[in-house]
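See below for the structure under consideration.
A short reminder: the numbers here are calculations on the coordinates, not readings from a lab. On a predicted model such as this, the values are computed, not experimentally measured, just so you know. Cβ sites come from the backbone with ideal geometry, for glycine too, and all protein chains shown count toward neighbours.
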């Protein structure tokens, strides 16, 4: 807490109504007349290692007695409480577009994936994840990756060849980004990926092929091995944008 206003007392959560790893703070505000009110404003510092989309719960309780006897007698007091919960760190977002709205067998379709990671938050074992539907064959060799924000080294090495795997009949592509420490500017990852409608693939004439895309990350740091299935076997959070579709006709 920085700074603590006059009249503020900080006490460890142990032995207080607060849960483990929380801090109870008490103000002695004195008497408040029926026609009056009082308010207190203070600042709190978000933990330096907080992950993106972190939510912190702050519970405020007012304890007072209707008797002017200098005490709060449990048999003659009223207790009022209020709780407010907010997402204090923003979540990554993403957009995805295709260069065509429909395609025929053998035609190429180029997808543009844009992931945006807001400033001032940590993203542990972050990844850009694309689930390419059956019937589309990716051309990984031609994929391009452009990164902005962060330092020069990160911009040139932010992501390499994706890890490939399967998700049912779809192809799962995972571009690991590693642990991204909080910085003062937004990071942006843009990936252009070409794919081909397989003439012998699973797409029937007139069908659509939605191509799902997401940004995954963890809120806490840990030793992990990121694989093509990490996002489905770990508590990874998602920020999926709308998915375009491609029709085979």
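So how do 102, 175 line up by other beta-carbon neighbours within 10 Å, fewest first?
Ranking 102, 175 by Cβ neighbours within 10 Å, fewest first, gives 102, 175.
Set the Förster distance to 51 Å, then compute FRET efficiency between residue 101 and residue 153 from the Cβ-Cβ distance, nearest 0.05.
Taking R0 as 51 Å, the efficiency between residue 101 and residue 153 is 0.85.
How long is the gain from residue 221 to residue 200 if the chain were fully straight, where each residue apart is worth 0.36 nm and the alpha carbon distance is subtracted?
3.2 nm
Give the separation of the Cα centroids, the range 90-137 to the range 28-46, in Å.
The range 90-137 and the range 28-46 have Cα centres separated by 48 Å.
Pulled fully out, how much extra length does the chain show between residue 35 and residue 181, if you take 0.36 nm times their separation in residues and subtract their Cα-Cα distance?
47.6 nm
How would you rank 158, 147, going from fewest to most other Cβ atoms within 10 Å of each one's own Cβ?
147, 158
Where does the range 93-238 land on the Kirkwood hydrodynamic radius, alpha-carbon pairs, in angstrom?
One over the average 1/r among Cα pairs gives 15.9 Å for the range 93-238.
Ranking 128, 45 by Cβ neighbours within 10 Å, fewest first, what do you get? Don't jump to the answer; show the numbers that get you there.
Working: 128 25, 45 7.
Ranked by crowding around the Cβ, least crowded first: 45, 128.
When the chain is fully extended, how far beyond the present Cα-Cα distance does residue 146 get from residue 27, taking 0.36 nm per residue of separation? Let's see the in-between values first.
Numbers: separation 119, 0.36 × 119 = 42.84 nm, distance 5.14 nm.
Going from the current span to full extension adds 37.7 nm.
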